[in-house]
Number of protein chains: 6
Amino acid sequence: MTTSLSAANREALKKISTATLTTALFKRGLRNVFIQGVFLLNKESPRMVGEAYTLRYIPAREDLDTLGAFEGRGHPQREAIEACPPGHVLVMDARRDASAATGGDILMARLMVRGVAGIVTDGGLRDSTTIEKMPWPAYCAARSAPLNLVRHHAIDSQLPIGCGGVAVYPGDIVVGDGDGVVVIPAKIANEVAEEAASQTIFEDWVEAKVNAGRSIFGLYPPSPETRAEFEAWKKKK
Amino acid sequence: MTTSLSAANREALKKISTATLTTALFKRGLRNVFIQGVFLLNKESPRMVGEAYTLRYIPAREDLDTLGAFEGRGHPQREAIEACPPGHVLVMDARRDASAATGGDILMARLMVRGVAGIVTDGGLRDSTTIEKMPWPAYCAARSAPLNLVRHHAIDSQLPIGCGGVAVYPGDIVVGDGDGVVVIPAKIANEVAEEAASQTIFEDWVEAKVNAGRSIFGLYPPSPETRAEFEAWKKKK
Amino acid sequence: MTTSLSAANREALKKISTATLTTALFKRGLRNVFIQGVFLLNKESPRMVGEAYTLRYIPAREDLDTLGAFEGRGHPQREAIEACPPGHVLVMDARRDASAATGGDILMARLMVRGVAGIVTDGGLRDSTTIEKMPWPAYCAARSAPLNLVRHHAIDSQLPIGCGGVAVYPGDIVVGDGDGVVVIPAKIANEVAEEAASQTIFEDWVEAKVNAGRSIFGLYPPSPETRAEFEAWKKKK
Amino acid sequence: MTTSLSAANREALKKISTATLTTALFKRGLRNVFIQGVFLLNKESPRMVGEAYTLRYIPAREDLDTLGAFEGRGHPQREAIEACPPGHVLVMDARRDASAATGGDILMARLMVRGVAGIVTDGGLRDSTTIEKMPWPAYCAARSAPLNLVRHHAIDSQLPIGCGGVAVYPGDIVVGDGDGVVVIPAKIANEVAEEAASQTIFEDWVEAKVNAGRSIFGLYPPSPETRAEFEAWKKKK
Amino acid sequence: MTTSLSAANREALKKISTATLTTALFKRGLRNVFIQGVFLLNKESPRMVGEAYTLRYIPAREDLDTLGAFEGRGHPQREAIEACPPGHVLVMDARRDASAATGGDILMARLMVRGVAGIVTDGGLRDSTTIEKMPWPAYCAARSAPLNLVRHHAIDSQLPIGCGGVAVYPGDIVVGDGDGVVVIPAKIANEVAEEAASQTIFEDWVEAKVNAGRSIFGLYPPSPETRAEFEAWKKKK
Amino acid sequence: MTTSLSAANREALKKISTATLTTALFKRGLRNVFIQGVFLLNKESPRMVGEAYTLRYIPAREDLDTLGAFEGRGHPQREAIEACPPGHVLVMDARRDASAATGGDILMARLMVRGVAGIVTDGGLRDSTTIEKMPWPAYCAARSAPLNLVRHHAIDSQLPIGCGGVAVYPGDIVVGDGDGVVVIPAKIANEVAEEAASQTIFEDWVEAKVNAGRSIFGLYPPSPETRAEFEAWKKKK
């Protein structure tokens, strides 16, 4: 898959909040872009930006989901861990069921070492106290010790999926911060990044004004006068 | 796909309760075979037995899921309605979200006319008062008027899916009665049908005894004496 | 409040399904119009169409919500029962909490006798077996015996509210059938009614074709040829 | 256990609605008496009134909960079916988990034949289409085919339990109608029955007045004049 | 609104736990005073005590809830941010739906700068990693990036509301600590503060005794001897 | 009850993750061993290992659950606090309802001082900011200020219970880490501890290899070559 996101915008997205991104997407008619019910394990991790690489789970079945399933090659979860390209984000559809894990510290370490940009699962992660110390962003729906086989059967990769109630197509741009994770359709990722970067400068300026005691009326959103004041400030900067 | 279920067992399954089937599957180590959270719309419909034909939905996205999506050929939901073979059951994975429909009376009528054995969805069905009068089994998670596009995007067919928390592989045997729907792995469908048919005869005999006033002790489950008594009765019959 | 809905459209809406209405509203960008989680108690009741008259509950507080609260005049629930105009629908916001009732058979009888068009509550109704025999539409989230005071405090009327996750403004047109209840913004009620009436004629024609064995391809949605065929049929009719 | 409920009050309770009972209990400070989330399978069954006989389930464990568990004597569920006294109600605590059954048609038939007054479970019941045709009241949280062993382990009887969020002590008076089930503490059952019987006469009189067109103001609750009018009517009757 | 809480009691409440307050309110018959499902973002913030200033949201509607809604004056959310008096707590009713935000860092900064005592919302907050670093108490149901317009429509202020399942009347005293938030009816706030302050001294004394190895029997709750021992200690102190 | 766990295994279990334990139990057919929905309050606490001592709550009833209930001797919660043996874990069944507390800082301090190994409740804990600073492991489903009496009635001890959806028999070995809590049936605790200790050594070795850049294929799970390599390394160590 060719990546549409420019290098500059990839960097820019690391400084843009998911809050600002949801607003830019809302302006384009997209209301359901925030993955619900997941949280960031490592609060100190670098920001997460990358193309979606998808993995899908269906419910486990006792005769198929035995420990032997992991042996040799071909298990879709293990294959995805090695196949997800560096710079991409592994996004797992676990049907929002976090009563079992969809990965643990060894698999997360492998992803990090391979240069994968992060992971998002709407299932659980195990060994969470090890993962939360890695300098690497991992989002999950719960700390959950049980191995995936008790509940989840990894079935295929790189198909469109749902994660936390949001559609994720392979190649979509996945951005995470401390609030959570936003999914940007690939084809508008560059324009959204640029607009949101510009909005971020404005909101930082607004926040400084507010902290200095200014009312939000006429400031946020800006009146024409405020807009002019901001543009003047930006020119000087 | 070659169908493994014999014609005799297909008929037999129409007289076996889903309750009895879950017990036969439990004996084989399968505990998660009952689709959770769905109900039968038409209480007077014939019993539902058939191979699973699967359809998968992911969450809708506003730019893709417009009314235009249904036009021409190629929309996975509409294709599935025409492609599901007679005698099969259309099973839909709607991520257990019934806040919108996954079909309505026109599509259900087409399935019935085409000879499809029934439908199971863990999403909603609209036009439910028309559907519930058809002589045809339809199982859903809710009566739900909104068109699928507000929540669901049909994405692909005949992949393994989850439905109501249960794994459904294309070709699995799907059986429904007034309790709900059970999924039998294709490879054991014949043996399960045979064992369950035999168990059904026994339980009918037990029920008659209970209605005549007999205690369940030694009867259900049977003591060796009761087992012998039943075998004698069965021989005479 | 002046009523914007024409008498003809009011009658027309009694024959239009909520499913068809959600599609007409979807075309206008409205995706969240179906009250979630309520069901019709009396399956034989006439169809429900009327302007919304709203009543809001907040959580009960033990010192305020005693049996004495109902005495004399001024209790907002009792006032609403007598104030809701004939032809309107009483819509109650009970915060989707159906663990207690928001009304019972006596209050429902009074509403029916007064000519109110129906009731929708996202709380419970008590005396449900009496209510379900009235020739009158009542929608609730559960049959629930406890009096409202154990959970709900009626606070005010005719403010905009939420009901079953949907915004309801006083005067909105509320339409119910066996699937559930749709809320149409007052200002577009006439145009939606007219478009939906027209679509209903088309869908009835489609359903007849499907029952006669025609494929849905080119029929639903219609190709230009099908559209012409339908228009010709309609002209003849 | 000595039964405190008089024969007259037992009969009276068969004609009093659960709605009226919750009000009588609310007057005595009891707000949490309605078992949440259960429904009556057989709408035509006789009313249910009887002392609570309790059965408790804990989660199943695979090594203990095998089909062999039912053999011989001593399985708590089977023992409860034979031990629950005639005229009592079997109340099951299934931790509000209805993903599996807590009984089926054979056990229900045995209870009915033995003269047990009814059953309430906050788990599932299987063979529900057979049970719903019995002239006997059965309340459950779902129609659910899986045998209890996949989720529930029957552990003991006649201890205080929770059912549908309500405390149930052995010997409490359990009353069910079409709304659901109310639990009356044993020690106040007679006084509650008497007061509620009286209130029922009043509410029937009110309902007749309302159906004849009278306003609820001054009627429900009654003004002193209305109270006098009712007393006069009652005297004449 | 005249404030009934004395300055001394306002200070005292900053040192009393919400746990102790729920007990004092329970003694007065109030059982439902703890806002369910919210948590404190900034663990290091000062304690929150203040009068409730309320803001109510209903579900969003796409034609009304566009970015233009915030422009000029009059948007209820923005007005509330500027109108909530210093020393008060802004309490938002978001119908317990945290799938979108009800505010972000700019609005929170404005509230803090204006001297508002804190915020409680049963919806989400965005920019949570900025908010959690402010020296100011903010309680929400989730970190949630989407702007409020995708789900919530701010409708009015200073009406009684529900928040996290609890009734909140304007002027009620709202107290928060690391456990969460308690709502004290205005008219009993002073007496509750005084009793709870006294109980706090006792419980601190008990905790010291327990940490020194004493059994809880006769200590917590205290026997007459223990009560005397405590009173003697308190006199000496 | 005689304790089956050896002193060596008790120590070993303090270094084994709950993730590894769920795998060892899965191999023995036990899939439901992880208590769902609870979290560790004090992230810095020592690891929790001990025999289960159980306490059961049922729903509160207003006439029984008054503050007077705690006075004197005999209240099951207070008795359990003093009776749970040192080295054991107090496990509470609160029906997964965390809207009220099942204990607070004074009771937790008493347990810690008495040498109890930790607490697990599927209800709430109050005074959570004090508890989370104790050098002692406490697991709960929520920080929840309301006293237990508003929702919970402590009823008995040392019966088998459910906690977080898992069966807990008195004497089972309860192990907690940062992921959560696993319950090991008493009779297999020693063998599980030994196997899991051995697996832990292997997984630590694997993790080092992964961090050094090795692929998981052939490593996790190990090929025969990898197994040999590990055994050689272990011998040298």
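Total lysine pairs in segment E:98-237 at Cα distances under 24 Å, for residues eight or more apart or on different chains: 4.
Label-to-label distance for F:N211 and E:A83 is 5.7 nm, based on points extended 7 Å past Cα in the beta-carbon direction.
Note on B:25-33: average number of Cβ atoms from other chains within 10 Å of each residue's Cβ is 6.
Which FRET efficiency value, to the nearest 0.05, do you get for B:W233 and C:L67 by plugging their Cβ-Cβ distance into 1/(1 + (r/R0)^6) with R0 = 51 Å? Efficiency for this residue pair is about 0.25. Placing dummy labels 7 Å off each Cα toward the beta-carbon, the span from C:E194 to F:E11 is 8.7 nm. The mean sequence separation of alpha-carbon pairs under 8 Å and at least six residues apart, normalised by the residue count of chain C, gives a relative contact order of 29 percent. Once you treat every alpha carbon in the protein assembly as shown as an equal point and sum by Debye, what is log10 I(q)/I(0) at q = 0.07 Å⁻¹? Evaluating at q = 0.07 Å⁻¹ gives log10 I(q)/I(0) of -0.79.
Computed about the Cα centre, the dipole magnitude for segment D:1-110 is approximately 740 debye when only Lys and Arg (+1) and Asp and Glu (-1) carry charge, each at its Cβ. Per-residue mean of foreign Cβ neighbours for B:200-212 is 3 (Cβ atoms of other chains, 10 Å radius). Helical runs (DSSP H, four residues minimum) scored at -39500 (n - 2.57) apiece and divided by the length of chain C put the mean residue ellipticity at 222 nm at -9500 deg cm²/dmol. The rotation axis that maps chain B onto chain E passes nearest to the beta carbon of this chain B residue, listed with its distance in whole angstrom: B:E62, 5. Looking at segment F:1-125, the pairs of alpha carbons with a distance over 26 Å make up 28% of the total. Distances, shortest first, from the label point of A:G68 to those at the same position in the other copies read 2.4, 5.2, 6.6, 6.6, 7.5 nm; the point lies 7 Å along Cα to C-beta.
Between the amide H of A:M48 and those of A:G176, distances stay under 5 Å, these residues lying 5 or more places away or on another chain, with hydrogens modeled in the peptide plane.
What ranking, highest mean first, results for peptides E:30-41, F:203-214 when packing means the other Cβ atoms within 10 Å averaged over each residue?
Numbers: E:30-41: 22.6, F:203-214: 16.0.
Taking the mean over residues of other Cβ atoms within 10 Å, the ranking is E:30-41, F:203-214.
Using DSSP to call loops (not H, G, I, E or B), can you name the trypsin sites (Lys or Arg not before Pro) in segment C:63-158 whose Cβ has at most 11 other Cβ atoms within 10 angstrom? Each step should come with its number before you reach the end.
Values: sites: C:R73, C:R78, C:R95, C:R96, C:R110, C:R114, C:R126, C:K133, C:R143, C:R151; in loops: C:R73, C:R95, C:R96, C:R114, C:R126, C:K133, C:R151.
Of the trypsin sites (Lys or Arg not before Pro), the ones in loops of segment C:63-158 whose Cβ has at most 11 other Cβ atoms within 10 Å are C:R73.
Dividing the Cα radius of gyration of segment A:34-105 by its Kirkwood radius returns 0.97 for Rg/Rh. Derived scalar couplings between HN and Hα for segment F:212-221 equal 7, x, 7, 5, 6, 5, x, 9, 8, x Hz in order, rounded to whole Hz, by the Karplus curve 6.51 cos²θ - 1.76 cosθ + 1.60 (θ = phi - 60°), x for Gly and Pro. Around the amide H of D:C163, modelled in the peptide plane, lie the amide H atoms of D:V168, all under 5 Å away and 5 or more residues distant in sequence or on another chain. Summary for E:D204: label point 7 Å along Cα→Cβ; distances to the equivalent points in the other copies, ascending, 4.5, 4.5, 6.4, 7.8, 7.8 nm. Whole-Hz Karplus values for segment C:59-73 come out as x, 5, 10, 4, 6, 9, 9, 10, 4, x, 4, 7, 6, x, 9 Hz, taken residue by residue from phi with 6.51 cos²θ - 1.76 cosθ + 1.60 and θ = phi - 60°; glycine and proline positions read x.
In peptide B:221-232, how many Cβ atoms from other protein chains are near each Cβ within 10 Å, on average? Before the final figure, lay out each step's value.
Details: counts 8, 1, 2, 0, 0, 0, 0, 0, 0, 0, 0, 0.
What the average comes to for B:221-232 is 1.
Annotation: amide H-H contacts under 5 Å for B:G118 (H modelled 1.01 Å from N, sequence separation of 5 or more, or interchain): B:L90.
How large, in Å, is segment E:146-194 by the Kirkwood hydrodynamic radius built from its alpha-carbon pairs?
12.8
For segment B:130-237, the pair-distance distribution built from all alpha carbon pairs, in bins 5 Å wide starting at 0, is 2, 8, 12, 14, 13, 13, 11, 9, 7, 4, 4, 1, 0 percent. Using a 7 Å offset from Cα along the direction of the beta-carbon, what are the separations from B:K27 to the same position in each other copy, nm, ascending? Reported distances to equivalent positions: 3.1, 5.7, 5.7, 6.4, 6.6 nm. Taken over chain D, the percentage of Cα pairs per 5 Å bin, counting from 0 up to the bin with the maximum distance, is 1, 7, 14, 17, 18, 13, 10, 7, 5, 4, 2, 1, 1, 0.
Rule-based calculations on the coordinates, nothing more; no lab input. Since the structure is predicted, the reported quantities are computational estimates derived from the model, not experimental observations. We place every Cβ from the backbone using ideal geometry, glycine too, and count neighbours over all the protein chains shown.
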